[in-house]
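Quick note: the coordinates plus some simple rules give every number you see, no bench work behind them. What you see is a predicted model; the values in this text were computed from it and never measured. Cβ sites come from the backbone with ideal geometry, for glycine too, and all protein chains shown count toward neighbours.
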Amino acid sequence: MSSADKSPEMIAIGNGAIVERDVLGVAAEISRRWPNLRVQYLEPGSSFGVTEAPYQIVERGKNGKEYVAMQVWQLDSSVIKRLEAIDTNYVDIDAVVTRANENAKREQRRLEQESMHEAHEKFAAVVRSPKDTYVVTDGDKKITIRSNGEHDVRRNRGAGS
């Protein structure tokens, strides 16, 4: 075979059958994305008719039986596209998880910035205040800051304490 020959690399898959290497990649992709589907190679001249396509995609039903989903003459990326179009329930879990993680990180950054902004406003109010004692409530805590640098934090015990 010369270097100018552009024919695809062929691989023996058993029983004397030879297929293109890319066929195995497509079969692996189908298996990864749709675990209930399987690619079958139908040897020419076997018990099937001469006009049968050499590949068929079979689906394993809930009852354990396999049903032919489609037959194709070429196992290439167009089969993946057809399966995507057929499978309206297919969800790219990786993309969903990645998007959810990005949204959670954005929300966390927003909350941190909001908290920092509130803390900055409280600090600016203390610095501007002519009083020598300043009291801030933060949730269930009462924070007292004095101009001499002393401060204390006390938990609010309710209205009667």
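Here are the numbers:
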| item | result |
| --- | --- |
| In Hz, Karplus ³J(HN,Hα) per residue of region 52-57 (6.51, -1.76, 1.60; θ = phi - 60°; x = Gly, Pro) | 6, 5, x, 10, 9, 9 |
| For LEU42, residues with placed amide H under 5 Å, excluding near neighbours | TYR55, GLN56 |
| Sites GLU102 and GLU43, calculated FRET efficiency, Cβ-Cβ separation with R0 45 Å, nearest 0.05 | 0.40 |
| Full-stretch length increase - ASN36, THR133 - with 0.36 nm per residue and alpha-carbon distance subtracted | 27.9 nm |
